[in-house]
Every structure is written in C-alpha cells, then in structure tokens.
There are 2 protein chains.
Amino acid sequence: MLATEFKEAITAADRVLVQIRTAIVEGDIPAGTKISEPELARRYDLSRAPLREALARLERCHLIERTPNAGARVVKLSIEGLRSLYQLREELEGLACRLAAEHMTEQEIAEVRALLDQHLSTQRVREGESYYQEAGDVDFHYRVILGSKNPYLINILSDELYFLVRMYRVQLGMNGPRVSRAFDEHKAIINAIANRDGELADLLMRRHIAASKRNIEQQLLQQGTSHG
Amino acid sequence: MLATEFKEAITAADRVLVQIRTAIVEGDIPAGTKISEPELARRYDLSRAPLREALARLERCHLIERTPNAGARVVKLSIEGLRSLYQLREELEGLACRLAAEHMTEQEIAEVRALLDQHLSTQRVREGESYYQEAGDVDFHYRVILGSKNPYLINILSDELYFLVRMYRVQLGMNGPRVSRAFDEHKAIINAIANRDGELADLLMRRHIAASKRNIEQQLLQQGTSHG
DNA sequence: AAGCATCAGATTGTCGACAATAACTGGAAG
DNA sequence: CTTCCAGTTATTGTCGACAATCTGATGCTT
C-alpha cells in the first residue's frame with residue numbers, strides 16, 4: 001500500500017505480510033486473537049519460514065505481541081494504548097510538519113494541494129463512506145511525513161506506528177462532523193507549510209491529531225461502558 | 001544488556017542477536033561490511049533460521065540494511081545520518097523528560113540520583129576510560145526514558161534508536177571536556193524532573209543531546225576531511 | 001574496443017521434518 | 001470439592017536441503 005514496500009523484489013513473506021496486516025487492521029482477525037502459525041500457514045498456503053518473517057514484522061509495527069515459546073496474539077485496543085500512541089503521534093507528526101515546512105519543494109506542496117482537491121470532490125460523490133475519508137487522510141499525513149525528509153522519522157511513523165493508528169481508526173471509526181472538518185484542517189496545515197511557517201503547521205497538526213484522538217476515545221469509552 | 005530483553009525464555013536467536021549487535025556497535029564488524037548468512041552461521045555455530053531472525057531485528061534497529069534477494073550490509077555512519085538520528089533523539093527524549101517529570105515516582109528519582117553519584121565516584125577512579133562514561137550515560141538516559149511510562153516511546157528509543165546512537169558514540173568517541181560536563185547536565189535534568197518542571201527538563205535534555213551531537217559531528221568531519 | 005548476452009558460482013528465500021518447550025487434560029491427594 | 005502433580009498433546013524453535021534469484025566472469029557482436 002505504501003511506497004516503501006515496493007523496494008525491488010516481492011517475496012512470499014512480503015505478500016503474506018500485507019494480507020495478514022490488512023486482516024488485522026480491518027478486524028477480519030479480531031483483536032486479542034491467538035496467532036497459530038500452522039493454521040495461518042495452511043490458510044495462506046505457504047511454509048512457516050516466510051510466515052515467521054511476516055510475524056516478526058507485524059511485531060515491529062505493534063500489531064501482534066510475541067512471547068518466546070508461547071506464541072503471538074493480536075494486540076488489543078485500549079484507551080491507555082490509544083493515549084500513548086497518539087501522544088507520540090502528536091509529537092512526531094508535529095516535528096514532521098516543522099521539517100516539511102523547511103524541506104518540501106514547491107512541487108511537492110502543489111501535489112498535496114491537488115490531492116486535497118481530489119479528496120474534496122470524491123468526498124462529495126461518496127458522502128458517508130468513511131473508508132475513503134480514512135484512505136485520504138492517511139495519504140495526506142503520509143505526504144507530510146515524507147516531506148520531512150528524515151528517514152528515521154519516516155520509518156517510525158509510516159512503517160511502524162501508522163498501521164496501529166489505522167487499526168484504531170478503522171475498527172472504532174470516524175463519525176459525523178469530524179469527517180468534513182478534517183479536510184479544512186488539512187488545508188490549513190498545508191497552507192502553513194507552503195508559507196514556510198513550521199511553528200503554525202506544528203500547532204495545527206497537533207490539534208488535528210488531538211481532535212482525532214478525542215473522537216476515537218469517545219467511541220472506545222461508549223463501547224467499554226456498554227459492555228461492562 | 002537492557003531489561004526489555006529478559007522477557008522469559010532466552011532463545012538461540014536472542015543470544016546471537018546480542019553477540020552480532022555488540023560486534024556491530026563496537027566496530028568488530030566494520031561499518032559497511034557485507035553480511036554473509038552462511039559465514040555468520042558457521043562463525044556463531046547455529047543454523048540460518050535463528051540467524052535470520054536476529055538479522056530481522058538488527059534491521060529493525062537500523063544497524064543493518066537488507067535488500068531482498070541481495071543480502072544485508074552493516075549501516076555506514078554519515079553526517080546526514082547522525083543529524084537525522086539526533087534530530088529525532090532531541091524530540092523524543094525531550095518528550096520523555098516532560099512525561100518523566102509527570103510520571104516518575106519519588107523512589108525512581110532517588111534511584112537515578114544514586115546512580116549519578118555512583119557514576120561520579122567511578123569516574124574519579126577510572127578517569128579517561130570513556131567506555132564507563134558511555135555506559136553510565138546510556139544508563140541515565142535509559143532510566144529517564146523508562147520514567148516516561150509510555151511503552152511506544154520506550155520501545156522506539158531504547159530498542160530501536162539507542163543501539164545506533166551507541167554505535168556513533170562508541171566508534172567516534174567522546175572526547176575531552178565533554179565527559180565531565182555530561183555529569184553536571186545529567187544532574188540538572190534529574191533536578192528539573194524532581195521539581196516536576198517538565199518544560200525545563202525538556203530544554204536541558206535537548207541541549208544535552210545537541211552538545212553530544214556537535215561533539216560527534218566534529219569527529220566525523222575531521223575523520224572525513226583527513227581521508228579525502 | 002565497448003557494450004550486451006550468456007553462463008557459472010554463490011547467496012538468499014522457501015520447504016518439510018525434528019527437537020525443545022509450553023499449554024491442557026486427567027487423576028490423585030488433602 | 002479443591003488443589004497439585006504428571007502425562008499427553010500441540011505449538012514454537014531449530015535444522016539441513018532444495019529452489020529461485022542475484023553477482024560476476026566470459027565470450028560474442030557491433
């Protein structure tokens with residue numbers, strides 16, 4: 001899905017990684033499920049060697065938790081986990097904004113603006129389908145992150161943290177007025193970057209992420225209280 | 001070395017990971033070296049399966065770079081790499097300080113202070129031996145990072161970024177007046193945390209890290225100019 | 001002579017089987 | 001009836017071998 005995955009050669013471990021990762025993020029493999037290596041190997045029709053390679057990378061992006069000799073479980077979504085994750089996200093994407101304001105080329109900025117216009121039109125067409133919003137949002141953030149030009153920051157955000165972020169968002173959903181507001185916030189952020197105002201872009205991005213967090217937090221609280 | 005490694009069971013992959021990682025950090029396997037799986041398997045007397053598991057984790061902490069079907073190389077130390085890495089470090093350890101000022105218990109703070117006193121005494125005894133300073137510094141930063149109580153932040157800093165940080169520091173060295181100053185800076189940081197002044201602790205930590213960066217940067221520049 | 005295609009060698013990716021460890025069931029003792 | 005212990009089963013960790021791919025050298029063509 002992300003550009004960093006298309007290095008040169010695609011291996012079986014890469015393919016099954018994408019499949020399982022998508023299944024976890026979308027909830028097809030529910031949170032908290034015990035991972036059985038033989039079962040998954042049969043299911044995806046390959047040996048355990050590439051499967052274990054894939055599991056190692058899933059652990060890397062915090063989608064599963066392994067304990068030696070005991071196996072792996074799909075991570076559980078929790079309010080503390082969400083807070084810790086978004087605390088980091090605010091800080092790192094804020095930094096990404098400051099660096100993007102410094103390093104993004106005019107062409108890259110123009111491309112992001114074109115992307116936003118495109119999102120706006122598709123949003124009009126497919127109103128209510130939150131999945132497209134989700135994809136669009138991820139794409140916007142991804143562009144800004146790349147714009148930071150810091151390889152370690154890019155790696156941490158887009159390869160390690162973002163799949164878990166998407167898991168929270170996909171499984172707990174974006175609702176109501178939040179969807180339309182996000183576009184305006186994206187616009188404001190890219191404007192600040194275009195003006196080379198890193199401080200402002202940082203601030204706006206932090207608020208944008210904080211708002212998103214509150215939204216998911218409420219869903220989690222409602223879900224939690226209704227169950228217990 | 002770090003507490004996060006002693007989970008429950010120690011496997012062969014864990015052991016060889018620690019061995020190879022130490023060899024890379026200390027420079028026994030020089031930067032830029034091509035990694036040969038069969039050779040390392042013979043050298044450490046095990047099969048390629050656990051070795052590959054170890055290599056996957058080394059890639060995770062940026063000590064090696066793999067390209068599919070082509071093999072792995074030990075990472076090269078560069079001035080751009082150092083800057084990108086320390087840019088992140090400043091931000092993340094600054095955050096860690098703010099969180100530590102909020103979450104560390106009085107007892108944890110007292111332990112860090114005891115640790116610093118101990119470092120001071122051992123420094124007097126073993127003056128000049130920069131390795132002990134190195135270990136002590138890592139230990140101090142590690143305590144503060146743990147004090148943040150944010151599991152994702154802890155994981156990124158101590159499991160992913162810190163071995164590369166250590167590689168820069170061990171191979172390019174800490175020299176002269178920097179060593180003794182570091183202790184004072186550590187003292188000031190833990191004092192700010194003890195006063196629950198997260199802002200100040202953040203600022204002091206950023207300066208501390210920036211100073212460390214400049215030190216290594218100079219070494220790299222001298223080394224670079226003397227060669228070409 | 002330079003550039004490209006082809007082939008040999010080595011390396012990585014994948015497979016199935018074995019060994020070591022952990023989880024589960026059943027039974028016995030308190 | 002509960003708790004602890006042992007045997008059984010299933011799972012993970014490791015191994016050696018095979019297949020697919022890349023690297024480098026050789027020879028041919030232009």
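The values are calculated or read from the model by the stated rules, or taken from the named source; none is laboratory data. Given the structure is predicted, the values throughout are model-derived calculations rather than measurements. Reconstructed Cβ throughout: ideal geometry from the backbone, glycine too, with neighbour counts over all protein chains shown.
Values for this structure:
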| quantity | calculated |
| --- | --- |
| Condition met for A:Ala96 (away from DNA strand C (no atom under 15 Å from the Cβ), touching a residue at least 24 places away in the same chain (Cβ under 8 Å) and more than 26 Å from B:Leu88 (Cβ to Cβ)) | no |
| Segments classed as helices (runs of 4 or more DSSP H), wholly inside segment A:136-228, with at least 2 members that are modelled with pLDDT of 95 or more, under 18 Å from A:Gln87 (Cβ atoms) and not assigned by the TED database to the domain that holds A:Cys61 | A:162-172, A:198-227 |
| Close pairs (6 angstrom Cβ cut-off, 6 or more residues apart or separate chains): surrounded by 16 or more Cβ atoms within 10 Å (Cβ to Cβ) in segment B:179-202, part of a helix (DSSP H, G or I) and aromatic (Phe, Trp, Tyr) anywhere | B:His186/B:Phe140 |
| Counted residues, segment B:1-19 - those being among the β-branched types (Val, Ile, Thr) and either within 13 Å of DNA strand C (Cβ to nearest atom) or modelled with pLDDT under 95 (or both) | 3 |
| B:Glu91 acidic (Asp, Glu) and facing chain A (nearest Cβ under 9 Å) | yes |
| Residues located in segment B:140-167, provided they are more than 12 Å from every other protein chain (Cβ to nearest Cβ) and of a type in the set (Gly, Ala, Ser) | B:Gly147, B:Ser158 |
| Filter pass, A:Tyr131 being surrounded by 18 or more Cβ atoms within 10 Å (Cβ to Cβ) and either closer than 30 Å to B:His62 by Cα or at pLDDT below 95 (or both) | no |
| Candidate set: segment A:39-51, residues that are more than 22 Å from B:Ala9 (Cβ to Cβ) and surrounded by fewer than 18 Cβ atoms within 10 Å (Cβ to Cβ); chosen: the one nearest to the other protein chains (Cβ to nearest Cβ) | A:Ser47 |
| Subset of segment A:23-38 (residues that are loosely packed, with under 15 Cβ neighbours inside 10 Å and assigned to a helix (DSSP H, G or I)) | A:Glu26, A:Glu37, A:Pro38 |
| Residues (within 11 Å of chain B (Cβ to nearest Cβ) and over 24 Å from B:Lys149 (Cβ atoms)) located in segment A:52-84 | A:Arg52, A:Glu53, A:Ala54, A:Leu55, A:Ala56, A:Arg57, A:Pro68, A:Asn69, A:Ala70 |
| Of the criteria (1) at positive phi; (2) within 10 Å of DNA strand C (Cβ to nearest atom); (3) away from chain A (no Cβ under 13 Å); (4) among the small types (Gly, Ala, Ser), which one B:Ser36 fails | (1) |
| Checking B:Ala31 against (1) without any contact (Cβ under 8 Å) to a residue 60 or more places away in the chain; (2) away from DNA strand D (no atom under 16 Å from the Cβ); (3) not assigned by the TED database to the domain that holds B:Ile145, the condition it does not meet | (1) |
| Residue in segment A:5-22 that is among the hydrophobic types (A, V, I, L, M, F, W, C), away from every other protein chain (no Cβ under 13 Å), away from DNA strand D (no atom under 12 Å from the Cβ) and farther than 27 Å from B:Cys61 by Cα present | no |
| Residues within segment B:39-54 that are of a type outside the set (Asp, Glu) and more than 11 Å from DNA strand C (Cβ to nearest atom), tallied | 5 |
| Per-region count, segment B:44-68, residues part of a helix (DSSP H, G or I) and more than 13 Å from DNA strand D (Cβ to nearest atom) | 3 |
| Checking B:Arg126 against (1) within 16 Å of DNA strand C (Cβ to nearest atom); (2) of a type in the set (Lys, Arg); (3) modelled with pLDDT under 90, the condition it does not meet | (1) |
| Condition check for B:Ala72: within 9 Å of DNA strand C (Cβ to nearest atom), part of a strand (DSSP E or B) and out of contact with any Ser or Thr (no Cβ under 7 Å at 6 or more places or on another chain) | yes |
